[in-house]
Amino acid sequence: MATEHHSSGGPSGNGAGYERRDANLSSLLQFGFWLAVLLVVTLVGMKFTFDYFAKTEPVGPMSSPMMEPGARVLPPSPRLQSKPHLELKDYCEAQQKQVNAYAWVDQASGVVRIPVDRAVDLTLAHGLPARATADIPAGSASVISSVAEAPDASGPCGYLAPATGGESER
């Protein structure tokens with residue numbers, strides 16, 4: 001079975017193998033003209049739209065970065081943090097300072113806050129107050145307490161905890 005190929009161009013055919021006529025210049029110019037008209041109509045329409053919005057929805061005075069610091073109005077909470085890592089570090093340092101320092105809680109009644117390490121030492125030395133067995137109401141279930149494990153230091157301030165011998169600081 002033979003297949004016949006009719007080709008009008010190419011090396012084996014009668015044609016030249018390329019387009020023989022030039023691009024239609026009048027069609028290209030007409031397209032460019034109407035494209036420019038569409039662009040001008042769009043720009044004029046946008047101008048009228050923005051003028052209309054400027055009259056009906058005034059935006060008020062423009063804010064300046066040179067305004068007085070007291071005149072600046074902050075948006076309502078919660079606000080974005082500009083440097084959250086530094087704020088967390090400051091917060092954790094304040095918490096560590098509060099846990100590891102002496103301070104008055106209520107000076108009038110003589111209540112003070114002592115460092116946690118000192119409180120642990122005093123508790124180990126003196127023990128916890130206990131109720132006498134005669135004072136326990138009858139019928140109450142006896143509670144067996146277990147020794148609590150050390151708290152997990154993986155919270156938001158866990159990375160500020162001092163490293164132990166086997167761990168390295170980050």
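The values are calculated or read from the model by the stated rules, or taken from the named source; none is laboratory data. Keep in mind the model is a prediction, meaning the values are calculated, not measured. Here the Cβ positions follow ideal geometry from the backbone for every residue, glycine too, while neighbour counts run over all protein chains shown.
Being farther than 17 Å from residue 157 by Cα and free of Cβ contacts under 8 Å to residues at least 12 places away in the same chain is the filter here; which residues of the range 93-116 pass it?
Listed by number, the residues that qualify are 103, 104, 105, 106, 107, 108, 109, 110, 111, 112.
Looking only at residues in the range 52-83 that are surrounded by 10 or more Cβ atoms within 10 Å (Cβ to Cβ) and part of a helix (DSSP H, G or I), which one is modelled with the lowest pLDDT?
54
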